[in-house]
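Heads up, the thing below is written out as structure tokens.
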Amino acid sequence: MSNKRSDNRNNSLSNNISNHVSDNVSKNSRLVYSTETGRVKETAPDPARKKGDGIVRIRRETKGRKGKGVTTVSGVDLAPDDLKALAKSLKQICGTGGSVKDGVIEIQGDHRDKLKTELEVDTEQERPFDPQLLKELVSVRMPFGRFKDRILADLPEPYLVWFCGEGFPRGRLGEQLALLYQIKVNGLEYLLKPLRRESGDP
């Protein structure tokens, strides 16, 4: 009788331990092999993009760069593709190379003044671009000419350069084309990407 109780206690304890281990393994283990497909390749989780804090900081950094300084631009809250587009535009403006690392734009050389001017935060009293005019560029269609019915933002740059030489039309269309010309020739198309997404364009 004593042996039977002992066996029951041991079985109960064994089951509790087995269940506890099973629970912990199921929570913390990863499937690395399957009898049907063989070894299973683990998929790394997508890293969350680092968001800028909205305060753009422009610095010159030389530490750890063997004397070759770079100008860094941090705090810009843009999606990765838009940040790369901005970096490309800034490299063209500065006439030098650069890259994007961990959400920070690096431009070779000391270009703090030039970048500050380019990235100057606009105020309510003086905006470099009219927000409503920007929205119209991704919604209004060209009313005439060889590119009639094409969304203004999709007009080719040479066409806008021709207009600039010949003179933009009067009225609202002229304002729209003049703004688009400035955006195209200065590589600022990234400004239109968020507006395209809002309007439903891919």
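Among the residues of region 60-81, those that are modelled with pLDDT of 85 or more, within 21 Å of the chain's Cα centre (by Cα) and not polar (S, T, N, Q) comprise VAL73, PRO80, ASP81. Condition check for GLN176 on (1) farther than 24 Å from ALA87 by Cβ; (2) surrounded by fewer than 16 Cβ atoms within 10 Å (Cβ to Cβ): one failure, at (2). Residues that are crowded, with 16+ Cβ neighbours inside 10 Å and without any contact (Cβ under 8 Å) to a residue 24 or more places away in the chain within region 76-99 comprise LEU83, ALA87, LYS91, CYS94, listed in sequence order.
Would it be correct to say that LEU115 is in a helix (DSSP H, G or I) and closer than 26 Å to SER199 by Cβ? In short, no.
Each residue in region 155-173 was checked for being over 20 Å from ILE93 (Cβ atoms) and surrounded by 14 or more Cβ atoms within 10 Å (Cβ to Cβ), and 6 of them qualify. Of all residues in region 100-110, those satisfying the criterion of being in a strand (DSSP E or B) and open to solvent by 30 Å² or more (accessible area, probe 1.4 Å) are VAL100, LYS101, VAL104, GLN108. Could you say whether any residue in region 124-139 is in a strand (DSSP E or B) and at pLDDT 90 or above? Checked against the condition, which is being in a strand (DSSP E or B) and at pLDDT 90 or above, region 124-139 yields no hits at all.
Do you know which of the residues in region 182-195 that are over 14 Å from ASP130 (Cα atoms) and without any contact (Cβ under 8 Å) to a residue 40 or more places away in the chain is least open to solvent (accessible area, probe 1.4 Å)? Top of the filtered list is LYS184. Candidates are the residues of region 144-202 that are part of a loop (DSSP other than H, G, I, E, B) and within 27 Å of THR117 (Cβ to Cβ); the one that is modelled with the highest pLDDT is PHE168.
Could you tell me whether region 175-184 includes any residue that is touching a helix residue (DSSP H, G or I) at 6+ places or on another chain (Cβ under 7 Å) and β-branched (Val, Ile, Thr)? Scanning region 175-184 turns up at least one residue that is touching a helix residue (DSSP H, G or I) at 6+ places or on another chain (Cβ under 7 Å) and β-branched (Val, Ile, Thr).
The values are calculated or read from the model by the stated rules, or taken from the named source; none is laboratory data. Nothing here was measured: the structure is a model prediction, and the numbers come from that model. Cβ: placed from backbone, ideal geometry, glycine included. Neighbour counts: every protein chain shown. We work out accessible area using only protein heavy atoms, side chains counted, and drop any ligands, DNA or RNA first. Shrake-Rupley method; radii C 1.70, N 1.55, O 1.52, S 1.80 Å.
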